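Visitor: Shown below is the structure under consideration.
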């Protein structure tokens with residue numbers, strides 16, 4: 001039986017924080033880095049860090065809803081993560097089902113829509129079924145769209161898109177004259193979404209790690225040394241504050 005734990009109920013912290021609505025990013029992408037190191041610092045299994053990171057996901061989804069963010073994309077499991085120890089992989093891929101079994105009722109009641117980007121067909125059955133069930137249950141919601149990037153790699157995405165595009169060209173569905181950036185973007189996993197305005201990466205690393213390479217062309221980056229399980233609403237709102245102070249010129253002056 002699922003637990004109905006409200007992640008949007010009133011807390012003392014919510015009395016302190018100011019949740020900006022004006023000039024906030026429409027689309028925020030997050031590389032949730034540092035779970036394993038968080039656990040190792042505490043002499044715990046790396047899997048414990050990934051589980052602890054779920055509480056941060058809850059906080060940031062809550063904050064995104066309050067800030068009227070339209071899209072939140074979380075880099076959950078990459079195509080390169082299959083290189084990790086088997087036990088850690090299994091622990092990570094159990095987390096979507098665990099998270100959704102607890103919080104899906106609240107996501108639904110707060111108008112959150114769930115989508116997945118990546119090759120989810122090659123995930124374990126329990127992970128794939130949990131994600132597909134959540135997508136179906138939230139399909140009619142039109143608030144925050146929570147994109148879960150699972151078995152995702154940007155180079156793999158671009159290659160898949162190119163193969164589909166070339167097939168359509170060979171079949172006469174698309175001509176080379178019609179091909180432009182907008183048309184190509186329609187073949188990506190993120191079709192129909194605005195490109196991210198802000199990328200947040202926790203954990204101290206400053207690289208993209210094969211995440212949304214096409215979509216991040218004009219995105220603002222914000223890095224922090226804070227490990228994902230320790231990342232709080234305070235850091236999240238600080239990232240939004242700095243974003244609002246930046247001038248986005250898109251190559252202009």
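Visitor: (1) surrounded by fewer than 15 Cβ atoms within 10 Å (Cβ to Cβ); (2) modelled with pLDDT under 95: which one isn't true of residue 125, the others all being true?
Guide: (2)
Visitor: Quick one: would you say residue 58 is modelled with pLDDT under 95, surrounded by 12 or more Cβ atoms within 10 Å (Cβ to Cβ) and not in a loop (DSSP other than H, G, I, E, B)?
Guide: Criteria met by residue 58.
Visitor: Scan the stretch 64-76 and tell me whether some residue there is over 21 Å from residue 126 (Cβ atoms), more than 14 Å from the chain's Cα centre (by Cα) and not in a helix (DSSP H, G or I).
Guide: Scanning the stretch 64-76, I find at least one residue that is over 21 Å from residue 126 (Cβ atoms), more than 14 Å from the chain's Cα centre (by Cα) and not in a helix (DSSP H, G or I), so the answer is yes.
Visitor: Out of contact with any helix residue (DSSP H, G or I) (no Cβ under 7 Å at 6 or more places or on another chain) and surrounded by 19 or more Cβ atoms within 10 Å (Cβ to Cβ): is that true of residue 113 in this structure?
Guide: Yes, satisfied.
Visitor: Is one or more of the residues making up the stretch 18-36 under 18 Å from residue 232 (Cα atoms), assigned to a helix (DSSP H, G or I) and in contact (Cβ under 8 Å) with a residue 40 or more places away in the chain?
Guide: yes
The values are calculated or read from the model by the stated rules, or taken from the named source; none is laboratory data. Since the model is a prediction, treat every value here as computed from it, not as a measurement. Don't worry about glycine lacking a Cβ; one is built from the backbone with ideal geometry, like all the others, and counts go over all protein chains shown.
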